[in-house]
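K.L.:
Starting off with a structure, shown below.
Since every read-out is calculated from the coordinates, none of them should be taken as a lab result. These numbers come from a predicted model, not from an experiment. Note: ideal-geometry Cβ built from the backbone for every residue, glycine included; neighbour counts use all protein chains shown.
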Amino acid sequence: MALGFSALAFRRKLSRWYREHARELPWRGVDNPYATWLSEIMLQQTRVATVIDRYQEFLQRFPTISDLAKADEADVLALWSGLGYYRRARMLHRGAQFVEREMQGKLPGTVPQLRTLPGVGEYTAAAIASIAFGESVAVLDGNVERVLLRLLGEPEDKSAQGRARLVAIAGMLVPPAKRGHRAGNAGLVEIDNPAGDHNQAMMELGAMICLPRSPLCLQCPVMDLCRTRGEHATATRAKMQSRTVAHLLALRKRGVETEVLLERRAKEASLMAGMMELPALPLDATEGREPVLRLRHAITNTNYYVQIFTESSASGQGKDALGVEPSLVEQIPAAVGDLEWVTTSKLAHLPLTGLARKTLQRLQMMSVPRLKMGKE
């Protein structure tokens, strides 16, 4: 399988660019495989800017695999709230318990061993093995795929054969493992990891230069090796769907405390199982009422146009014979056993859905405390 260019020349150009232009991110340059594992899980389908603070908070709350393994799942989900794709948090938690139980608390360093962990697939195993342990194995995410296809001058190919070919080509570009060490405060510290640096450079190139739309080709360190020099042909993406939904903000006083009514999603739910949210309302129950808040919230391929109602958002319509407006609480379709009154001061510590967290923050019902990092 021919590349059409020198792999060594490519690596040198990419490495030089990465050393000069790589972003300073908290999970880079760390000598902590657990932190690398955490960052790779958090970064899946989540923007870097969103992950930075949450990554640091998570490490402060659960600084070791052992700490994470001993934690309650609800506490893990609460800290993950707002990052979305909550299955990642559950699998990370189960993975930590697996490492504690089956591997004496030590994260393994090879792809085959890492693949035995819950929630660790081909990409994540390769990323951890190369970045944290220096294994000469290629990482192939969406950014790297795009870089390779443009280098080769080929259109997007979503078939298994197409992906296998890209895996092979990515592997041809990865430098061999070469590990050096020096004495450090925490024992031996790695000073040379060409495979891990190469994989991070490939992902960085796709994220910062070889963009999906309007790539910055004139700033690309390997432009002279690229056959495309621009956008490549891609498969038609599924269109985003739109859906209008309504939720209820129900409050009550208990002494000096304020409580808000929440609904817990079923444990068997296919999406955000066991998470807590504001109770959903049927749209016909809100007819003629004015929401106290409107917002848009995207989940996977659906844009949700969300309306938040309170009991005071009365319509003046549909009153009974005594002139009383029907209660919106009575219109909640969820079972009573799935509803719970929660003190607002405890909201930040609950496994809230991203939409619930966003809504409650917009309505100034909660704030998210930021954990202090380092010395103040």
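K.L.:
Tell me, what is the percent relative contact order of segment 108-155, built from C-alpha pairs under 8 Å that lie six or more residues apart?
P.N.:
Numbers: 35 pairs, mean separation 13.6, N = 48.
Relative CO of segment 108-155 lands at 28 percent.
K.L.:
In terms of modelled amide H atoms, which long-range or inter-chain residues lie less than 5 Å from the amide H of Ala246?
P.N.:
Those qualifying (amide H under 5 Å, at least 5 residues apart or on another chain) are Leu281, Gln307.
K.L.:
Using +1 on the beta carbon of Lys and Arg, -1 on that of Asp and Glu, and nothing else charged, what's the dipole of segment 1-126 about the Cα centre, debye to 20?
P.N.:
Details: 18 positive and 13 negative charges, 118 e Å.
With only Lys, Arg, Asp and Glu charged at Cβ, the dipole is about 560 debye.
K.L.:
Post the alpha-carbon centroid distance, segment 1-42 to segment 203-237, in whole angstrom.
P.N.:
Taking the Cα centre of segment 203-237 as reference, the centre of segment 1-42 is 17 Å away.
K.L.:
Relative contact order (percent) for the chain, with alpha-carbon contacts under 8 angstrom and 6 or more residues of separation? Working shown, then result.
P.N.:
On the way: 570 pairs, mean separation 62.6, N = 376.
With pairs under 8 Å counted, the relative contact order is 17 percent.
K.L.:
So for each of 233-241, 342-350, 273-281 I average, over its residues, the number of other beta carbons within 10 Å; can you give me the resulting order with the highest mean first? Don't skip to the answer; put the middle values down first.
P.N.:
On the way: 233-241: 8.7, 342-350: 15.3, 273-281: 20.2.
Peptide ranking by packing, descending: 273-281, 342-350, 233-241.
K.L.:
Step through the table entries Lys239/Lys267; Lys70/Lys267; Lys70/Lys106, compare each Cα-Cα distance with 23 Å, and write down the pairs that go over it.
P.N.:
Numbers: Lys239/Lys267 29 Å; Lys70/Lys267 21 Å; Lys70/Lys106 15 Å.
Exceeds cut-off: Lys239/Lys267.
K.L.:
State, in angstrom, two size descriptors of the chain derived from its alpha carbons: Rg to one decimal place and Dmax to the nearest whole number.
P.N.:
For the chain, the Cα-based Rg and Dmax read 24.7, 84 Å.
K.L.:
Using a cut-off of 14 Å between alpha-carbon atoms, which aspartates and glutamates can reach Lys158, once sequence neighbours fewer than 8 places away in the same chain are excluded?
P.N.:
Asp141, Glu145
K.L.:
Oh, and also: For a quick check: with amide H placed at 1.01 Å from N, whose amide H comes under 5 Å from Leu293's, ignoring anything fewer than 5 positions away on the same chain?
P.N.:
Under 5 Å from the amide H of Leu293 lie the amide H atoms of Ile308, each far enough along the sequence or on another chain.
K.L.:
Another question about this same structure. Go through Met365, Gly105, Met202 and say which Cα lies farthest out towards the positive end of the charge dipole of the chain; charges sit on Cβ, +1 for Lys and Arg, -1 for Asp and Glu.
P.N.:
Met202
K.L.:
Over 10 Å intervals from 0, what percent of Cα-Cα pairs in segment 241-362 sits in each interval?
P.N.:
Reading upward from the zero bin: 12, 43, 35, 9, 1.
K.L.:
Provide the packing ranking of 22-34, 154-166, i.e. peptides ordered by the mean count of other C-beta atoms within 10 Å per residue, highest first.
P.N.:
Values: 22-34: 15.2, 154-166: 12.5.
Packing proxy ranking, top to bottom: 22-34, 154-166.
K.L.:
I would also like to ask the following. Treating only the Cβ of Lys, Arg, Asp and Glu as charged (+1, +1, -1, -1), what charge dipole size does segment 241-362 show about its Cα centre? Round to the nearest 20 debye.
P.N.:
Working: 15 positive and 14 negative charges, 115 e Å.
Its charge dipole is roughly 560 debye.
K.L.:
Dividing the convex hull volume of the Cα atoms of segment 30-76 by its residue count, what figure in Å³ per residue is obtained? It would help to have the intermediate numbers written out before the result.
P.N.:
Working: hull volume 3.7 nm³, N = 47.
So the per-residue Cα hull volume is 79 Å³.
K.L.:
Follow-up question, since we're still on this one. When the dipole is taken about the Cα centre of the chain, and only Lys, Arg (+1) and Asp, Glu (-1) are charged at their Cβ, what size is it in debye, to the nearest 20? Walk me through the numbers on the way to the answer.
P.N.:
Details: 49 positive and 40 negative charges, 202 e Å.
In debye, rounded to 20, the chain gives about 980.
K.L.:
Using θ = phi - 60° and the Karplus form 6.51 cos²θ - 1.76 cosθ + 1.60, what ³J(HN,Hα) does each residue of segment 118-133 get, whole Hz, x for Gly and Pro?
P.N.:
x, x, 9, x, 4, 5, 4, 4, 5, 5, 5, 4, 7, 6, 8, 10
K.L.:
Long-range amide H contacts for Ser136: which residues qualify at under 5 Å (H placed 1.01 Å from N, peptide plane, sequence gap of 5 or more or a different chain)?
P.N.:
Ala177
K.L.:
Could you give the alpha-carbon Rg of segment 17-99 over 2.2 N^0.38 Å, rounded to two decimals? Provide the component values of the computation, followed by the final result.
P.N.:
On the way: Rg = 13.0 Å, N = 83, 2.2 N^0.38 = 11.8 Å.
The value comes to 1.10.
K.L.:
Still on this structure: Which of Thr344, Pro63, Leu295 sits farthest toward the positive end of the charge dipole of the chain, with +1 on the Cβ of Lys and Arg and -1 on the Cβ of Asp and Glu?
P.N.:
The one lying farthest along the dipole's positive direction is Pro63.
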